[in-house]
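Colleague: Once you've had a glance at the structure underneath, I'll fire off some questions.
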Amino acid sequence: MDGSAELEAAERVVMRWDSTSASAAADEPMLFGDRAEAERFLRAVDDLRRLAPPSPAAVGSPRRLSSGSSAGGGAAPAVQVAMARLEDEFRHVVDEDDSVSSSVGRRSSYRSLPSIREIDLLPNDAVADLRAIASRMAAAGYGRECAQVYASVRKPAVDASLRRLGVERLSIGDVQRLEWKALEAKIRRWIRAARAAVRGVFASERRLCFLIFHDLPISNIAVTAAATAPATHDTPFAEAVKGAALQLFGFAEAISIGRRSPEKLFKIIDLHDALSDLLPDVSDIFAASKVAESIYVQAAEIRSRLADAVRGILSEFENAVLRDPPKTAVPGGTVHPLTRYVMNYSSLISDYKVTLSELIVSRPSASARLAAEGNELAPSLAELELPEPENQTPLAAHIIWIIVVLEHNLEGKASLYKDTALSHLFMMNNVYYIVHKVKDSPDLWNLIGDDYLKRLTGKFTMAATNYQRSAWLKILNCLRDEGLHVSGGFSSGISKSALRERFRSFNAAFEEAHRVQSGWCVPDTQLREELRISISEKLVPAYRSFLGRFRHHIENGKHPELYIKYSAEDLEIAVNDFFEGVPPSPHIRRRSHS
């Protein structure tokens, strides 16, 4: 068969499948439903391209060109008819098998993916058919049209996959208007969804696109000559997933540029870590392609902004501790809510020390230490000393600085108490809480170091000593011998009136201490018991000794019960009422005297 006959035979095969004519039925069978007929059609297309290659001027939308042509007695030129038919078949094959890929994006398919897992989105025979069609269209100069059809079908499939993963279509404004608790839940879901989207959906889409378009000339000849960035085999993939990728990473972007406040720190670190973990995969999937690398660039920039947000929030937290005003004293000298909040926060910071050690690269600056514009505490901050032991990391320096500022703030709050003993008890409670919070967190302890922990322990001991001195020195002084002897020497005797007054003074002072200090609070059970024991060890023996030396002087007089109201055991029982934070009974419990 000569070339002319071959060309006519090829044209007859092609024209039987003319989908551009007005008489073409909307429900006509698809060519690739019949494997033998499909093979015959593809051979005819190959013959047409070999025997009558298209001119550059004829390249364009096959449907537009064929509908505007009058060649062949009104019949569309065979090549354009072939391309229009192949375009329809391509759309049908890639769309028909979308039911197979509809499972992609289901959460169970990609639960906690640790690495890229490519899934076959279409059956192998469908991929082979699509590759066969795409190669013919690209060879005939219709690669761009084929790519556009591919992207138009795969884009909604990708969007549907992300919806199944729980990725919501939220604008930056929508995200920033959400309450933080709602946003926390969305961040948790986003992290899971992003792993599945990148490592499953996007990776599988890129593989499918590679199998169909790899090494094919996608750009049209005429278009490429004028284009600055000609299409490549990655172009269909980029067009299919770009919108979904921008939507996915847009959520993280909205978080990164949102209002910075301390409660957001740890979820933003989670987001930063998740994105850092995904970036190598994002690079593998997107960065190798010129048309898709902008997605990788955007993800990398968002990760950088999240890092900036983490640093900014830590600084904001330090300033918040600094600015917390000494408004009213907490009842009973208990642990202040600020102390609990700051130490719980610091403990969480230590839990994230791996990431934070990478992000926090500078120590608290002098300006940061003194930046308390309008704060009445600012002038005295200059006197604060920030310990700087060898090999201290910047993160450790920030945590120690936070505790230093907290202590400074607590001293201001302690000054609100009118009772000096209560102000010392307040400092004792709070520093004790700080020390034990550090000891309970190995990571926090490791960060601040033994030296600083010893300094904190020393401050606790000093506060406890100051409390006992302030609260009990006056009472214990009532049990001293000075002032009880009649002038002229010990042998001259005891002044009974002075002794009676001394017992009255002791009773009144102890009853007042019992009334007041029972309402004070030491929330830590162990510390409360140790403090009671320490008081009893000083008070009870001193009282017992005083009673032993002088009770007979009172008992030999009138109404001794008015002066010796308590036994040593009564005092010991009464001390057990101290520091419960509740008002005591009206009268001190007493044992019956023998």
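Colleague: Please determine, by comparing only the residues of the stretch 529-566 that are outside any helix (DSSP H, G or I) and among the basic types (Lys, Arg), which one is most open to solvent (accessible area, probe 1.4 Å).
Modeller: Taking the candidates together, the pick is Lys558.
Colleague: A further question on this structure: Name the pairs: first residue in the stretch 140-156 and under 15 Å from Asp215 (Cα atoms), second residue among the acidic types (Asp, Glu), Cβ to Cβ under 8 Å, at least 6 apart or on different chains?
Modeller: Qualifying pairs under 8 Å: Tyr142/Glu87; Cys146/Glu87; Ala147/Glu239.
Colleague: Within the stretch 545-553, is there a residue that is closer than 14 Å to Ile475 by Cβ, of a type outside the set (Lys, Arg) and in the same structural domain as Val582 (by the TED database)? I'd like the intermediate steps shown before the answer.
Modeller: Kept after step one, since they are closer than 14 Å to Ile475 by Cβ, are these residues of the stretch 545-553: 546.
If we keep only those that are of a type outside the set (Lys, Arg) too, we end up with 546.
When the remaining residues are screened for being in the same structural domain as Val582 (by the TED database), the result is 546.
Yes, that holds for at least one residue.
Colleague: Moving to a separate point now. Considering only the stretch 306-334, state which residues are open to solvent by 10 Å² or more (accessible area, probe 1.4 Å), touching a residue at least 60 places away in the same chain (Cβ under 8 Å) and under 13 Å from Arg260 (Cβ atoms).
Modeller: Glu318, the sole residue that qualifies.
Colleague: Same structure, new question: Taking the condition of being within 15 Å of Gln517 (Cα to Cα) and either in contact (Cβ under 8 Å) with a residue 60 or more places away in the chain or in a helix (DSSP H, G or I) (or both), how many residues in the stretch 417-457 meet it?
Modeller: Within the stretch 417-457, the subset within 15 Å of Gln517 (Cα to Cα) is 417-426, 428-429.
When the remaining residues are screened for being either in contact (Cβ under 8 Å) with a residue 60 or more places away in the chain or in a helix (DSSP H, G or I) (or both), the result is 417, 419-426, 428-429.
Count: 11.
Colleague: Would you call Pro584 within 24 Å of Tyr432 (Cβ to Cβ) and either open to solvent by less than 50 Å² (accessible area, probe 1.4 Å) or in the same structural domain as Pro337 (by the TED database) (or both)?
Modeller: Details: within 24 Å of Tyr432 (Cβ to Cβ): yes; either open to solvent by less than 50 Å² (accessible area, probe 1.4 Å) or in the same structural domain as Pro337 (by the TED database) (or both): yes.
Yes.
Colleague: Let me ask you something else. Suppose we keep only residues that are closer than 17 Å to Phe266 by Cβ and acidic (Asp, Glu) within the stretch 317-356. Which one would you say is modelled with the lowest pLDDT?
Modeller: Within the stretch 317-356, the match that is modelled with the lowest pLDDT is Glu318.
Colleague: Could you list, in sequence order, all residues of the stretch 175-208 that are closer than 30 Å to Ala134 by Cβ and among the β-branched types (Val, Ile, Thr)? Write out each step before concluding.
Modeller: Going residue by residue through the stretch 175-208, those that are closer than 30 Å to Ala134 by Cβ are 196-208.
Across the stretch 175-208, the qualifying residues are Val198, Val201.
Colleague: Would you mind stating whether Ile554 is over 27 Å from Thr420 (Cα atoms), touching a residue at least 40 places away in the same chain (Cβ under 8 Å) and β-branched (Val, Ile, Thr)? Can you show your working first?
Modeller: Details: over 27 Å from Thr420 (Cα atoms): yes; touching a residue at least 40 places away in the same chain (Cβ under 8 Å): yes; β-branched (Val, Ile, Thr): yes.
Yes: the conditions hold for Ile554.
Colleague: Can I ask one more? Given (1) assigned by the TED database to the domain that holds Ile573; (2) surrounded by fewer than 18 Cβ atoms within 10 Å (Cβ to Cβ); (3) modelled with pLDDT of 95 or more, where does Val522 come up short, assuming only one miss?
Modeller: If we test Val522 against (1) assigned by the TED database to the domain that holds Ile573; (2) surrounded by fewer than 18 Cβ atoms within 10 Å (Cβ to Cβ); (3) modelled with pLDDT of 95 or more, just (2) comes out false.
Colleague: Another one. So Lys327 clears everything in (1) at negative phi; (2) not in a loop (DSSP other than H, G, I, E, B) except one condition, right? Which one?
Modeller: (2)
Colleague: Further, regarding this structure: Checking Ser362 against (1) surrounded by fewer than 18 Cβ atoms within 10 Å (Cβ to Cβ); (2) assigned to a helix (DSSP H, G or I); (3) of a type in the set (Gly, Ala, Ser), which single condition isn't satisfied?
Modeller: Only one criterion is unmet by Ser362, namely (2).
Colleague: Still on this model: Can you run down the residue pairs with Cβ atoms below 7 Å, 6 or more apart or on separate chains, where the first is in the stretch 115-129 and outside the structural domain of Ser161 (by the TED database) and the partner is of a type in the set (Asp, Glu) and open to solvent by 40 Å² or more (accessible area, probe 1.4 Å)?
Modeller: none
Colleague: Okay, moving on. Counting just the residues of the stretch 138-186 that are in contact with a Pro (Cβ under 8 Å, 6 or more places away or on another chain) and charged (D, E, K, R), which one comes out least open to solvent (accessible area, probe 1.4 Å)?
Modeller: Arg154
The values are calculated or read from the model by the stated rules, or taken from the named source; none is laboratory data. None of these values were measured; they are calculated from a predicted model. We place every Cβ from the backbone using ideal geometry, glycine too, and count neighbours over all the protein chains shown. Side chains are part of the model used for accessible areas, which takes the heavy atoms of the whole protein and leaves out ligands, DNA and RNA. Shrake-Rupley method; radii C 1.70, N 1.55, O 1.52, S 1.80 Å.
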